[in-house]
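The structure appears below as structure tokens.
The values are calculated or read from the model by the stated rules, or taken from the named source; none is laboratory data. A quick note: this is a predicted structure, and the numbers were derived from the prediction, not measured. Cβ: placed from backbone, ideal geometry, glycine included. Neighbour counts: every protein chain shown.
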Amino acid sequence: MAKKTAGYRMGIDLGGTKILAAVIGSDGAILGTAKKKTKGEAGPDTVIKRIVDTATAAAAAAKVSLKEIGGVGVGAPGPVDFETGVVYSAPNLAGWDEIPLGARLQAALGLPVQVDNDVNLGTLGEFSLGAGRGCQHMLGLFVGTGVGGGIVIDGKLYRGARYAAGEIGHMTMQPDGPLCGCGRRGCLEAFASRTAIERVVRAGLAEGRASVLPELLAAEKDRLTSGVIKQALEREDPLMTEAIGQAQRYLGLLVANLVNALDPEMIVFGGGVVEALGMAFVQPIQSHALPGFLQQRHADRIKIVPATLGDQAGVLGGAALLGPFVASKVQ
């Protein structure tokens, strides 16, 4: 572990399957971490207790007491009122309907707590200590079960008038397109998420198309993991190549539209699929996006790159929510 410094803060990433907490120094160094299963099916009371237990374990791992920590930044998977710390809903957690997560954690931990959307904090982590260091205008796009986004303008997270900005995965790509998990049709998620990739793959297999995927899926108990996607592409599987190609085309179209609207310096792609494939996933997106830039002058200045922090982005973003770091240093 890195040497501890003054100004401890804690970042917590609340996910549908796991809770990750980290104690972080004023220079951005991670001093101690803890992880627990979320058990979201058990309801808000159980999940909140597990968050508190995870935070306590992270402090113990860092060899600091909770009272030495200046504050906690929490990322929650759903729409959040940033001012009040209320999580309006969390699609992957049972019974989360206007839960005052900030106030409940503050009472349980005895520490100041700020709550934001998890993708916002992943974006803030990459902006502060990851691929986006040095930028002032950056977009974060995270490709997983869905597609989430975060927006940084003039060095600050942009949340919008209702704290609802960044729902990039639900921009309409095709009005009569495939059904999205949100209930609408033709959203980006319906074309470019891992869920969409799996839909294309399963349909192709049902049609009897030749593929190495049955073999790879059998080894993973029929789960289309990021590792399976990577192996299939390495073996030049035509069905997986088609599914990934569709995702990349639509992500390229999205990036072109976002660049025309916001003109960022950088777009950072994260999430499990990107972590597995790296620049091999991102480069075709760039190729699809560039012709769509209305302003072609200095188009090469807009960097489209993979994220660098992996699972640490959310907890580092939570810590960054509490204020700037004294140095850009990551363990």
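General observations
- So Phe142, is it outside any helix (DSSP H, G or I), closer than 23 Å to Gly122 by Cα and of a type outside the set (Lys, Arg): yes
- As for the stretch 253-263, it holds at least one residue that is more than 25 Å from Gly125 (Cα to Cα) and assigned by TED's automatic domain parsing to the domain that holds Leu157.
- Only residues that are in a helix (DSSP H, G or I) and without any contact (Cβ under 8 Å) to a residue 40 or more places away in the chain were counted across the stretch 182-197, and they come to 1.
- Neighbours by Cβ (under 8 Å, 6+ apart or cross-chain): first from the stretch 154-166, within 18 Å of Pro77 (Cβ to Cβ); second of a type in the set (Phe, Trp, Tyr) and assigned to a loop (DSSP other than H, G, I, E, B): Arg159/Phe82; Tyr163/Phe82; Ala165/Tyr158; Gly166/Tyr158
- Test: residue in the stretch 211-229 that is out of contact with any Ser or Thr (no Cβ under 9 Å at 6 or more places or on another chain) and within 25 Å of Leu258 (Cα to Cα): no
- Conditions (1) loosely packed, with under 14 Cβ neighbours inside 10 Å; (2) in contact with a Pro (Cβ under 8 Å, 6 or more places away or on another chain); number of the one not met by Gly252: (1)
- Checking the stated criteria, Ser65 turns out to be over 21 Å from Gly122 (Cα atoms) and either small (Gly, Ala, Ser) or under 22 Å from the mean Cα position of the chain (by Cα) (or both).
- Restricting the stretch 44-91 to residues that are polar (S, T, N, Q) and more than 16 Å from Gly15 (Cα to Cα) leaves a set whose member that is surrounded by the most Cβ atoms within 10 Å (Cβ to Cβ) is Thr56.
- Test: residue in the stretch 282-295 that is buried (at least 23 other Cβ atoms within 10 Å of the Cβ) and on the phi > 0 side of the Ramachandran plot: no
So that you can scan it fast, the table gives a plain yes or no per residue for (1) over 26 Å from Gly270 (Cα atoms); (2) outside any loop (DSSP other than H, G, I, E, B):
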{"site": "Leu31", "(1), (2)": "no, yes"}
{"site": "Val47", "(1), (2)": "no, yes"}
{"site": "Ile51", "(1), (2)": "no, yes"}
{"site": "Ala59", "(1), (2)": "yes, yes"}
{"site": "Leu93", "(1), (2)": "no, no"}
{"site": "Glu98", "(1), (2)": "yes, yes"}
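- Which listed residue, of Gly134, Gly160, Gly169, Gly150, is assigned to a strand (DSSP E or B) and within 30 Å of Pro306 (Cα to Cα): Gly150
- Leu316 falls short of the stated requirement of being modelled with pLDDT of 95 or more, under 30 Å from Ile51 (Cβ atoms) and in a loop (DSSP other than H, G, I, E, B).
- Checking each residue in the stretch 13-27 for being β-branched (Val, Ile, Thr) and surrounded by fewer than 19 Cβ atoms within 10 Å (Cβ to Cβ) picks out only Thr17.
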